[in-house]
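Student: Provided herewith is a single structure, encoded as structure tokens, for subsequent inquiry.
The values are calculated or read from the model by the stated rules, or taken from the named source; none is laboratory data. Being a predicted model, the structure only gives us computed values, none of them experimental. Virtual Cβ from ideal backbone geometry, glycine too; neighbours counted across all protein chains shown.
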Amino acid sequence: MTKYLEGLSIHNFGSVRVEHGVMVINIFRAFPKRTLCLALLASFAVIATAQTSTPTGVIRLRVRVASGDGTKAKGLARKRFFLIKGSLDQNKGLMQIIEQRPVVSRDCFYRSLGASEALIAWLKESDCESIYCREVELKDTEGATAVPEFQHAVAVGEKEFGSRELARKWLAVNLADNLRSGFYKQQQQGLQAILTQAEQQSNAKVMSVMTDRNGTAYFTDIEPGVYVISNILPTEMGAATELWRCEVKVTAGDLASATREKPYLLADPGNKDPKDKKNIKCVSVERPLPACPQVH
């Protein structure tokens with residue numbers, strides 16, 4: 001066996017020999033010296049880059065808002081927040097645009113389309129910006145609690161699909177586009193314009209996260225620096241809107257411990273929860289929702 005292995009040549013690797021019963025492969029005879037040098041230099045470059053790269057970490061965000069008399073706050077679920085590079089002062093012009101942007105409430109938008117009060121209430125029940133937010137149930141299309149727009153769409157769909165149940169599940173295809181998702185699309189159009197301006201001004205990508213059911217979210221791969229956390233589009237809460245524009249300074253030490261220590265807590269002015277009181281980092285600017293214009 002030893003004699004068989006000695007002197008064996010492996011293609012693209014080099015010669016093989018056996019020393020004291022151990023097979024030894026000599027790769028230096030397989031590659032030109034220039035190729036090996038370039039490979040070693042590339043390896044050193046990767047190692048040097050890894051050693052000198054900027055440390056990154058996580059910002060653990062939590063948003064809690066007033067419930068009832070404010071002494072028991074709850075997490076603000078399913079809301080998007082953004083991380084904008086730079087301080088409030090550096091983003092002053094952008095913040096002014098966000099604050100001065102006209103607010104059109106969901107109710108006002110759908111009333112301007114002539115939507116029924118039942119549809120408006122259905123959207124409001126789960127804080128939906130479109131009908132895709134949740135399932136349209138049987139009770140939403142039948143009986144005293146039925147939404148007229150849903151009833152009509154099911155009736156049209158039943159003729160098309162031959163099944164009332166199938167018509168309910170595919171109800172959206174028989175609703176006008178502006179009723180399906182018009183408000184959501186309008187919101188997104190305004191948001192994208194602001195995000196484009198923010199990225200051009202800061203020369204950095206704006207990061208975004210959505211809160212979970214407990215009002216918690218995580219910004220990841222964050223470099224040390226100064227940022228603004230904002231929801232950009234004011235959040236409707238009852239008869240008011242809440243706009244957060246919070247400056248946060250992040251150090252390397254903060255990033256290293258962000259997942260273990262207390263989260264960066266945002267609140268609304270009504271949050272009087274004793275558990276939150278000492279930990280609140282930033283409070284929203286609260287404004288009343290504008291009245292809907294008269295529809296003629």
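Student: Out of the residues in segment 115-152 that are part of a loop (DSSP other than H, G, I, E, B) and of a type in the set (Val, Ile, Thr), which is farthest from Leu166 (Cα to Cα)?
Tutor: Thr145
Student: Can you tell me which of Arg180, Arg111 is of a type in the set (Lys, Arg) and touching a Cys at 6+ places or on another chain (Cβ under 7 Å)?
Tutor: Arg111
Student: Among residues belonging to segment 88-97 that are in contact (Cβ under 8 Å) with a residue 24 or more places away in the chain and not aliphatic (A, V, I, L, M), point out the one that is surrounded by the most Cβ atoms within 10 Å (Cβ to Cβ).
Tutor: Asn91
Student: May I pose another question? Let me confirm something: among Phe161, Phe150, which residue is at pLDDT below 95, surrounded by 15 or more Cβ atoms within 10 Å (Cβ to Cβ) and more than 30 Å from Ile232 (Cβ to Cβ)?
Tutor: Testing whether each residue is at pLDDT below 95, surrounded by 15 or more Cβ atoms within 10 Å (Cβ to Cβ) and more than 30 Å from Ile232 (Cβ to Cβ) leaves just Phe161.
Student: If you check Lys169 against the conditions, is it under 19 Å from Arg78 (Cα atoms) and of a type in the set (Lys, Arg)?
Tutor: Against the criterion (under 19 Å from Arg78 (Cα atoms) and of a type in the set (Lys, Arg)), Lys169 does not qualify.
Student: Is one or more of the residues making up segment 75-86 assigned to a helix (DSSP H, G or I) and either surrounded by fewer than 16 Cβ atoms within 10 Å (Cβ to Cβ) or within 19 Å of the chain's Cα centre (by Cα) (or both)?
Tutor: No, because not a single residue in segment 75-86 is assigned to a helix (DSSP H, G or I) and either surrounded by fewer than 16 Cβ atoms within 10 Å (Cβ to Cβ) or within 19 Å of the chain's Cα centre (by Cα) (or both).
Student: Which of the residues spanning segment 63-87 are acidic (Asp, Glu) and free of Cβ contacts under 8 Å to residues at least 40 places away in the same chain?
Tutor: Selection gives nothing.
Student: What number of residues within segment 217-246 are surrounded by fewer than 18 Cβ atoms within 10 Å (Cβ to Cβ) and under 19 Å from the mean Cα position of the chain (by Cα)?
Tutor: Within segment 217-246, residues that are surrounded by fewer than 18 Cβ atoms within 10 Å (Cβ to Cβ) and under 19 Å from the mean Cα position of the chain (by Cα) number 5.
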